[in-house]
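The values are calculated or read from the model by the stated rules, or taken from the named source; none is laboratory data. Given the structure is predicted, the values throughout are model-derived calculations rather than measurements. Virtual Cβ from ideal backbone geometry, glycine too; neighbours counted across all protein chains shown.
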Amino acid sequence: MIPAEGSALLRAVSQGKFRLTRLLLEGGAYINEGNAAGTTPLMAACRAGYAEPPEQPRMVQYLLENGADPNIPDKAGKTALMHACAERAGPAVVATLLAHGADPSARDYGGGSALVYALERGDRETLQVLLDACRERGRDVIIITSATSPRGTKTTRQYLNSPPSPLLEFPQFPGILTIPRSSLTSSCPWGGP
């Protein structure tokens, strides 16, 4: 959830008040102003769980068209794209961010990237959008996962340009892909580390 402190614009966006957001921007509100945690209105839109799901991509699109910078990091180093993936905002929001210059190779201060967040959340559709963005830029993505079996043997798998198969699903969470961050590395090297 978005902290209560911050500008009127940040609060309007986090509450999904599109008309108020538009009025505040037309009145001169600074679109990239963050709160004490560094959360910008664009990040708030990516994190918000609006009652009407189509409103989220619409709000993100509107903010980007009005000068929101998708690559500003918050105090933890997370960008709007990382927040969108972490909060399962969906492929439409992620595609919109990428179309407006969001950098999927950026990493937060803990080393996580948008790809890592999409994998952790088991969001295969969003993951596919990120992989497609890498391929469009002529880059490969390597996903390495490792797991320890109940017998104690380690299994390592490498995936090139495709998400891990459903075989990695854990029985205690049917339908959810769970990969610990500590066992995952990703690379989409078009200017990132």
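Hey, any hits in segment 44-62 for a residue that's of a type in the set (A, V, I, L, M, F, W, C), in contact with a Phe, Trp or Tyr (Cβ under 9 Å, 6 or more places away or on another chain) and more than 15 Å from residue 9 (Cβ to Cβ)? First the steps, then the outcome.
Residues of segment 44-62 that are of a type in the set (A, V, I, L, M, F, W, C), as a first pass: 44-46, 48, 51, 59-60.
Now narrow it down to the ones that are in contact with a Phe, Trp or Tyr (Cβ under 9 Å, 6 or more places away or on another chain): 45, 59.
Now restrict to residues that are more than 15 Å from residue 9 (Cβ to Cβ): none.
No, segment 44-62 contains no residue that is of a type in the set (A, V, I, L, M, F, W, C), in contact with a Phe, Trp or Tyr (Cβ under 9 Å, 6 or more places away or on another chain) and more than 15 Å from residue 9 (Cβ to Cβ).
Which one of 114, 118, 92, 99 is modelled with pLDDT of 70 or more, exposed (fewer than 15 other Cβ atoms within 10 Å of the Cβ) and under 25 Å from residue 53 (Cβ atoms)? Walk me through how you get there before you give the answer.
On the way: 114 fails: exposed (fewer than 15 other Cβ atoms within 10 Å of the Cβ); 118 fails: exposed (fewer than 15 other Cβ atoms within 10 Å of the Cβ); 92 fails: exposed (fewer than 15 other Cβ atoms within 10 Å of the Cβ).
Exactly one of 114, 118, 92, 99 is modelled with pLDDT of 70 or more, exposed (fewer than 15 other Cβ atoms within 10 Å of the Cβ) and under 25 Å from residue 53 (Cβ atoms), namely 99.
Looking only at segment 50-97, count every residue that is among the basic types (Lys, Arg) and within 18 Å of residue 133 (Cα to Cα) and tell me the total.
Of all residues in segment 50-97, those among the basic types (Lys, Arg) come to 58, 75, 78, 88.
Those still in the list that are within 18 Å of residue 133 (Cα to Cα) too: 88.
Of the residues in segment 50-97, 1 are among the basic types (Lys, Arg) and within 18 Å of residue 133 (Cα to Cα).
So for segment 41-52 (the condition being at pLDDT 95 or above, under 16 Å from the mean Cα position of the chain (by Cα) and farther than 27 Å from residue 124 by Cβ), does at least one residue qualify?
Within segment 41-52, one or more residues are at pLDDT 95 or above, under 16 Å from the mean Cα position of the chain (by Cα) and farther than 27 Å from residue 124 by Cβ.
Kindly evaluate residue 133 against the criterion of being among the small types (Gly, Ala, Ser), at pLDDT below 80 and either out of contact with any Asp or Glu (no Cβ under 7 Å at 6 or more places or on another chain) or over 24 Å from residue 34 (Cβ atoms) (or both).
On the way: among the small types (Gly, Ala, Ser): yes; at pLDDT below 80: no; either out of contact with any Asp or Glu (no Cβ under 7 Å at 6 or more places or on another chain) or over 24 Å from residue 34 (Cβ atoms) (or both): yes.
Criteria not met by residue 133.
Keeping to segment 58-89, report how many residues are surrounded by fewer than 23 Cβ atoms within 10 Å (Cβ to Cβ) and farther than 23 Å from residue 112 by Cβ.
6
Going by the structure shown, is residue 45 more than 22 Å from residue 136 (Cα to Cα), in contact with a helix residue (DSSP H, G or I) (Cβ under 6 Å, 6 or more places away or on another chain) and not hydroxyl-bearing (Ser, Thr, Tyr)? It would help to see each step written out before you state the result.
Values: more than 22 Å from residue 136 (Cα to Cα): yes; in contact with a helix residue (DSSP H, G or I) (Cβ under 6 Å, 6 or more places away or on another chain): yes; not hydroxyl-bearing (Ser, Thr, Tyr): yes.
Here the answer is yes, as residue 45 does meet what is asked.
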